[in-house]
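Worksheet: the structure to be examined is printed underneath.
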Amino acid sequence: MKLILKEGKKYVLRCERGEEVIEELKKFCQAKHIGTAFFSAIGAASEVELAHYDVDKKRYSNKIIRQKIEIDSLAGNIALLDGKLIVHAHGVFSDFSMQAQAGHVNRLIVAATCEIFLEFQKVKIFRQPDKETGLNLMK
């Protein structure tokens with residue numbers, strides 16, 4: 001991940017071919033001692049693992065897409081769970097026929113570039129397990 005620009009609490013970042021975006025965001029925030037942030041991104045991916053959460057069954061179903069696709073929209077936040085950074089991201093991706101697929105993003109491998117706008121917060125947002133939903137919710 002390359003730092004393109006920093007102004008105040010805002011960063012413009014770029015992931016390059018082969019980099020895994022979720023892990024790179026986590027590493028960047030750890031290196032900069034950022035505990036809470038919000039981000040958005042666009043670009044191109046060669047592989048993405050999407051997930052959909054079934055609230056009734058309290059479990060995710062996963063789907064891996066292994067083809068070159070557009071990152072039409074990636075948005076998320078970074079918070080703390082038990083002292084560790086958690087990247088929570090959702091995305092919309094489209095293929096050559098412009099068919100879109102969307103969901104929770106577990107993993108995202110860059111095909112050409114991924115341009116990220118990240119804004120960190122001085123306050124910390126924490127997550128904790130919620131028994132009712134089975135999710136790690138902001139508290």
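Per the chain: cysteines with no other Cys C-beta under 4.7 angstrom?
If one checks each Cβ against the other cysteines of the chain, Cys29 turn up with nothing under 4.7 Å.
Excluding residues on the same chain fewer than 8 positions from Lys27, give the lysines whose Cα lies under 26 Å from its Cα.
Once the sequence-local lysines are set aside, what remains near Lys27 is Lys2, Lys6, Lys9, Lys10, Lys63, Lys68, Lys84, Lys122, Lys124, Lys139.
Place a +1 charge on the Cβ of each Lys and Arg in the chain and a -1 charge on the Cβ of each Asp and Glu, then give the dipole magnitude about the Cα centre in debye, rounded to the nearest 20.
Details: 22 positive and 18 negative charges, 113 e Å.
Dipole size: approximately 540 debye.
Place a point 7 Å from the Cα of Arg17 along the Cα-to-Cβ direction; which residues of segment 43-58 have their backbone N under 18 Å from it?
Only 43-48 pass the distance filter.
Within segment 92-132, list the trypsin sites (Lys or Arg not before Pro) lying in a DSSP loop whose Cβ has at most 12 other Cβ atoms in a 10 Å radius.
Within segment 92-132, the qualifying trypsin sites (Lys or Arg not before Pro) (loop, at most 12 other Cβ atoms within 10 Å) are Lys122, Lys124, Lys131.
Per DSSP H run of at least 4 residues, take -39500 (n - 2.57); add these up for the chain, divide by its residues and hand me the 222 nm value, nearest 500 deg cm²/dmol.
Values: 1 runs with 11 residues, N = 139.
Estimated from H runs of four or more residues: -2500 deg cm²/dmol.
Using 7 Å Cα-to-Cβ label points, what is the Ile86/Ala31 separation (nm, one decimal)?
It works out to 2.5 nm between the two label points.
Calculate the spin-label point distance for Lys122 paired with Glu47, positioning each point 7 Å from the Cα along the beta-carbon direction, and give it in nanometres.
4.2 nm
Since every read-out is calculated from the coordinates, none of them should be taken as a lab result. Just so you know, these numbers come straight off a predicted model, no measurement behind them. Cβ coordinates were reconstructed from backbone atoms using ideal geometry, including for glycine residues, and neighbour counts include every protein chain displayed.
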